[in-house]
Structures are given as structure tokens and as C-alpha cells.
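The values are calculated or read from the model by the stated rules, or taken from the named source; none is laboratory data. Predicted model only: the values in this text are computed from it and were never measured. Positions of Cβ are generated from backbone atoms using ideal geometry, with glycine treated the same way; all protein chains shown enter the neighbour counts.
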Amino acid sequence: MARLIALSFLALPLLEIAVFIIVGRAIGLFPTLALVILAALAGGLLLRQQGLSTLSRLRNNVNAGTIPGRTMFDAMLIGLAAILLVLPGFLSDVMALSLLIPPVRGWLFSALAGRVRVVETTTSYRRHDASRDEQDDETRAIELKDDDWRDRRE
């Protein structure tokens, strides 16, 4: 899996350059640049709208005391879309804009949710009891017999 990710990071710039050349030959330099800028602006607006709505849903889930699994997945995909929008190119913009569409994120969540097993855990903590410290002002000592300890400094 790691090799596939590394290979995709190497292949993506090459594919982006190839698509730039093909689109540039078909429609010209300035329309190609205009499309890239227009996609970045549209993606930025969609990112802002989707990001704010996801943040609001996340806040509501936390306030309600529910686990915001779907909302956190949406936030992760929106962050990935933001990274893809920063990269110049048509393929990354198409992938980013598709990740900003809620039905696409829902389809990805349902496709991946079946493969995830949720394990419930509990946590506990100990509170520092200041009243106990106030009672035990004297130094604590542990009494040992000669057979109960060893000097390992030798």
C-alpha cells in the first residue's frame, strides 16, 4: 500500500503535465490558465462553505455527546480536497471538487465503513486529592529487612 501511495505521488505530476499539454493544445494557453484559476476559486468557495458546515456539525455532535465519526471523515476528506486544490492541475482539481460534493463523501464513507470495526474503550483518571497531602506532612519511609533488598552498585 505504501508503494502504491509513493507511486501515485510520482505519477500525479507527470499526469498533470500531460493533461496541461493536451488541454493547452486544444483550447490555448490563456483559456487553460483561466480554467485552472476558475477551478481554484470555485474550489475555495466550496471548501469554505463545506468546511464551515462540517465544523458546525462536528460542534453539534460533540455537544450532544455522540461520536462524530461521519463528521470527522467529512472533515478529513475536505482537508484532502484543500491539499489537492493547492496543487496546480486539472486532475487534482477534479478530484478535489469531487471530494467537496457531499454525496461523493457519503458514498466513500459507506464504502469504507463496512470495512471498519469499531472497538469501544473506556478511560479512567485519578484526581489528585489535596486533602490527603495535607494530612501526611511527615516523611514516608519504607522499612525493609536485610534480606529484602540488594545493593546492585557492585
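Of the listed requirements (1) surrounded by fewer than 13 Cβ atoms within 10 Å (Cβ to Cβ); (2) in contact (Cβ under 8 Å) with a residue 60 or more places away in the chain, residue 91 misses just one: (1). None of 86, 119 is among the β-branched types (Val, Ile, Thr), exposed (fewer than 10 other Cβ atoms within 10 Å of the Cβ) and modelled with pLDDT under 80 except 119.
Each residue in the range 94-107 was checked for being touching a Leu at 6+ places or on another chain (Cβ under 8 Å), without any contact (Cβ under 8 Å) to a residue 24 or more places away in the chain and assigned to a loop (DSSP other than H, G, I, E, B), and 0 of them qualify.
Here the condition is being within 21 Å of residue 97 (Cβ to Cβ), in a helix (DSSP H, G or I), modelled with pLDDT under 80 and out of contact with any helix residue (DSSP H, G or I) (no Cβ under 6 Å at 6 or more places or on another chain); of 51, 44, it holds for 44 alone.
Per-residue answers, yes or no, for (1) over 28 Å from the mean Cα position of the chain (by Cα); (2) surrounded by 12 or more Cβ atoms within 10 Å (Cβ to Cβ); (3) touching a residue at least 12 places away in the same chain (Cβ under 8 Å):
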site: 24; (1), (2), (3): yes, yes, no
site: 34; (1), (2), (3): yes, yes, no
site: 52; (1), (2), (3): no, no, no
site: 64; (1), (2), (3): no, no, no
site: 70; (1), (2), (3): no, yes, yes
